[in-house]
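Take a look at the structure set out below.
The values are calculated or read from the model by the stated rules, or taken from the named source; none is laboratory data. Values in this document were obtained by computation on a predicted structure and should not be read as measured data. Cβ placement follows ideal geometry from the backbone for every residue including glycine, while neighbour counts extend to all protein chains displayed.
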Amino acid sequence: MSIFKEIYAYREMIFSLVHRDLKGRYKGSVLGFFWTFLNPLLQLGVYTLVFSIIMRSGIKDYYLFLFVALVPWIFFSTSVSGGSSCIRAQQALVTKIYFPREVLPISFVTSQFVNMLLSFLVVFAVLIISGYGMNPTAMLFLPIVMIVEYFLALGIAMIVSSLTVYFRDLEWLLGIITMAWQFLTPVMYSIDNVPEKLKGIFYFNPMTPIIIAYRDILYYKQKPYLHTLITAVLEGVVLMILGFLVFGKLKRHFAEEM
């Protein structure tokens, strides 16, 4: 518990790093902060073209089916792949100043989380403008699913960011891993398309119940199934705890490895 007290004591540093990242992310670009909304829309356009027109999926309103899962997936994959280098990117701070090193992955993932929340404004707008609408009762579960995904992304970011300090190649390997991970997660297809004998394996993927829960709430406009929600919570909390344990073990020699 002492580390959480220390992290809380450095909360101003976390807020400062998050603000700096959000402010400087698109600095100098023509469209600036508009890329926060444009990036998921462009990806949505590409995937919709491929799976609705070229490789017909047969799913009604496929663009909505995909969009409500794509935005949280972008948050997760960016947190994992980009989070792997968040310690090395702050080498000057790590080698010269004392602060709880957990601040760095926390601030990075929090920045991506804020970015996802802003992107969800586009999701809500699309649902309303299209006439698809939302179920207010189901929407009450959305913050729970978002928080669980944050815990999951933070836990994995903790692990990969600490390992990358020692194994630099992991940073580049994660680009391939997250790409493969996306195809093994029901983002572009329904979990119902997975053969029954393989569904148990798919649920070992911690992002599977989270994506299913997002889709239940926003696309099917229904409350997530209890077993889906419980699975997501358990996997998210376990991986966050594991992330803190691994990070705490490896952070002792960060400065020497830089």
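Among the numbered criteria (1) modelled with pLDDT under 85; (2) more than 30 Å from G133 (Cβ to Cβ); (3) surrounded by 13 or more Cβ atoms within 10 Å (Cβ to Cβ); (4) not β-branched (V, I, T), which single criterion is violated by Y203?
Single failed check for Y203: (2).
What residue, among those in segment 123-146 that are farther than 15 Å from P224 by Cα, of a type outside the set (G, A, S) and in contact (Cβ under 8 Å) with a residue 24 or more places away in the chain, is surrounded by the fewest Cβ atoms within 10 Å (Cβ to Cβ)?
Initial filter on segment 123-146 (farther than 15 Å from P224 by Cα): 123-133.
Okay, now just the ones that are also of a type outside the set (G, A, S), so 123-124, 126-129, 132.
Subsequent filtering for residues that are in contact (Cβ under 8 Å) with a residue 24 or more places away in the chain retains 123, 126-127, 132.
Values: V123: 21, V126: 16, L127: 18, Y132: 14.
The selected residue is Y132.
Scan segment 158-173 residue by residue and report those that are within 18 Å of V246 (Cα to Cα) and part of a helix (DSSP H, G or I).
Pass one, segment 158-173, residues within 18 Å of V246 (Cα to Cα): 158-168, 170-171.
Within segment 158-173, M158, I159, V160, S161, S162, L163, T164, V165, Y166, L170, E171 meet the criteria.
So which residues in segment 83-107 are small (G, A, S), buried (at least 21 other Cβ atoms within 10 Å of the Cβ) and part of a helix (DSSP H, G or I), if there are any at all? Please lay out each step first, then the result.
From segment 83-107, those small (G, A, S) are 83-85, 89, 92, 107; that's our starting set.
Now narrow it down to the ones that are buried (at least 21 other Cβ atoms within 10 Å of the Cβ): 83-84, 107.
Across segment 83-107, the qualifying residues are G83, S107.
Give segment 131-157 a look and list any residue that's part of a loop (DSSP other than H, G, I, E, B) and either among the aromatic types (F, W, Y) or touching a helix residue (DSSP H, G or I) at 6+ places or on another chain (Cβ under 7 Å) (or both), or say none. Talk me through it step by step, then tell me what you get.
We begin by selecting, within segment 131-157, every residue part of a loop (DSSP other than H, G, I, E, B); these are 131-135, 140-141.
Of everything in segment 131-157, those that are part of a loop (DSSP other than H, G, I, E, B) and either among the aromatic types (F, W, Y) or touching a helix residue (DSSP H, G or I) at 6+ places or on another chain (Cβ under 7 Å) (or both) turn out to be Y132, G133, M134, F141.
One residue is enough: does segment 224-247 have a residue meeting the conditions without any contact (Cβ under 8 Å) to a residue 24 or more places away in the chain, on the phi < 0 side of the Ramachandran plot and touching a Ser or Thr at 6+ places or on another chain (Cβ under 8 Å)?
Checked against the condition, which is being without any contact (Cβ under 8 Å) to a residue 24 or more places away in the chain, on the phi < 0 side of the Ramachandran plot and touching a Ser or Thr at 6+ places or on another chain (Cβ under 8 Å), segment 224-247 yields no hits at all.
Quick one: is L127 more than 28 Å from L242 (Cβ to Cβ) and assigned to a helix (DSSP H, G or I)? Step through it out loud before you land on a result.
Values: more than 28 Å from L242 (Cβ to Cβ): yes; assigned to a helix (DSSP H, G or I): yes.
Answer is yes for this residue.
Which residue, of V109, V160, V114, V148, is in contact with a Cys (Cβ under 9 Å, 6 or more places away or on another chain) and either on the phi < 0 side of the Ramachandran plot or not aromatic (F, W, Y) (or both)? If you could, list the steps in order and put the result at the bottom.
Values: V160 fails: in contact with a Cys (Cβ under 9 Å, 6 or more places away or on another chain); V114 fails: in contact with a Cys (Cβ under 9 Å, 6 or more places away or on another chain); V148 fails: in contact with a Cys (Cβ under 9 Å, 6 or more places away or on another chain).
The conditions single out V109.
Does any residue in segment 55-82 that is more than 30 Å from R168 (Cβ to Cβ) come within less than 9 Å, Cβ to Cβ, of a residue that is charged (D, E, K, R) and modelled with pLDDT of 90 or more six or more places away or on a different chain, and which pairs are these?
From residues that are more than 30 Å from R168 (Cβ to Cβ), the pairs are F65/R215; V68/R215; A69/R215.
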